[in-house]
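Trainee: Pasting a structure below so you can have a look.
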Amino acid sequence: MNKLLHAVTGKHATTQQVARPSFGAKPANDRVLRKSAFAQVNNLVLDASIGIYQHERDVKQPITISVEVEIKLPEYGQVRAVNDVYNYEFIVDNAKAIIAEGHINLLETFADRLAGKCMENDKILSMMVRVAKTQALPETESVEFKANYTR
């Protein structure tokens with residue numbers, strides 16, 4: 001680097017002039033602000049007892065769950081530890097817990113319950129939940145319900 005500086009400017013750099021990376025002191029660009037932050041769980045497939053028909057009560061069927069949460073984070077460049085972020089495993093754990101509670105009649109009910117459990121965490125500002133039944137109608141790839149939730 002000193003040779004390059006000398007070739008361009010005709011000067012040699014002193015130790016104080018050589019830029020050194022700084023870890024943890026300042027963000028790389030102090031002109032950047034994080035407008036929003038999102039965490040996603042995409043296409044989580046779980047077997048659930050869900051639906052209004054008797055055959056849906058008798059046999060579990062796969063549902064596909066996708067969730068996007070808008071989260072509060074420390075300022076740009078200040079995320080340092082896992083406790084600073086939202087752990088998306090909580091979304092998966094909450095979905096599994098709701099299914100374990102027993103039969104659910106409607107996709108809408110499942111989505112509302114999942115949003116309610118997830119938004120108990122104050123880091124979540126808003127969220128979108130999409131839940132689909134992939135075997136509900138043989139002529140379709142899936143039927144689904146999607147909703148946005150906010151505080």
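The values are calculated or read from the model by the stated rules, or taken from the named source; none is laboratory data. Because the structure is a prediction, the values reported are computed rather than measured. Note that we place each Cβ from the backbone using ideal geometry, even for glycine, and neighbour counts take in every protein chain shown. Just so you know, the surface numbers come from the protein's heavy atoms only, side chains and all, with ligands and any DNA or RNA stripped out. Shrake-Rupley method; radii C 1.70, N 1.55, O 1.52, S 1.80 Å.
Trainee: Can you name every residue in segment 118-131 that is part of a strand (DSSP E or B) and either surrounded by fewer than 17 Cβ atoms within 10 Å (Cβ to Cβ) or touching a Lys or Arg at 6+ places or on another chain (Cβ under 9 Å) (or both)? Step through it out loud before you land on a result.
Mentor: Of the residues in segment 118-131, the ones part of a strand (DSSP E or B) are 124-131.
Selection gives 124, 125, 126, 128, 129, 130, 131.
Trainee: Out of all the residues in segment 103-117, which are touching a residue at least 12 places away in the same chain (Cβ under 8 Å), open to solvent by less than 50 Å² (accessible area, probe 1.4 Å) and not aromatic (Phe, Trp, Tyr)? Walk me through how you get there before you give the answer.
Mentor: Looking only at segment 103-117, we keep the residues that are touching a residue at least 12 places away in the same chain (Cβ under 8 Å), and these are 103-108, 110-115, 117.
Keeping just the survivors that are open to solvent by less than 50 Å² (accessible area, probe 1.4 Å) gives 104, 107, 110-111, 114-115.
Within segment 103-117, 104, 107, 111, 114, 115 qualify.
Trainee: Separate question: Any idea how many residues of segment 72-102 are open to solvent by 100 Å² or more (accessible area, probe 1.4 Å) and either outside any helix (DSSP H, G or I) or touching a strand residue (DSSP E or B) at 6+ places or on another chain (Cβ under 6 Å) (or both)?
Mentor: So the answer is 5.
Trainee: Of all residues in segment 57-84 being in contact with a Pro (Cβ under 9 Å, 6 or more places away or on another chain) and not acidic (Asp, Glu), which is farthest from residue 36 (Cα to Cα)?
Mentor: The first filter runs over segment 57-84 and keeps only residues in contact with a Pro (Cβ under 9 Å, 6 or more places away or on another chain), leaving 75-78, 80, 84.
In the following step, the residues that additionally are not acidic (Asp, Glu) were identified as 76-78, 80.
Working: 76: 10, 77: 13, 78: 14, 80: 17 Å.
In this case the residue turns out to be 80.
Trainee: Under the condition of being open to solvent by 30 Å² or more (accessible area, probe 1.4 Å) and among the small types (Gly, Ala, Ser), which residue from segment 11-70 is modelled with the lowest pLDDT?
Mentor: 22
Trainee: In segment 132-141, what count of residues is obtained for those that are open to solvent by 40 Å² or more (accessible area, probe 1.4 Å) and not β-branched (Val, Ile, Thr)?
Mentor: Taking segment 132-141 and keeping what is open to solvent by 40 Å² or more (accessible area, probe 1.4 Å), we get 134-135, 137-141.
Filter once more, keeping what is not β-branched (Val, Ile, Thr): 135, 137-139, 141.
Count: 5.
Trainee: Ok, one more. With 86, 76 as the choices, which residue is at pLDDT below 95 and within 23 Å of residue 146 (Cβ to Cβ)? Talk me through it step by step, then tell me what you get.
Mentor: Values: 76 fails: within 23 Å of residue 146 (Cβ to Cβ).
Every option except 86 fails the conditions.
Trainee: Let me ask something else. Of the residues in segment 48-71, how many are in contact (Cβ under 8 Å) with a residue 40 or more places away in the chain and in a loop (DSSP other than H, G, I, E, B)?
Mentor: Qualifying residue count for the region: 3.
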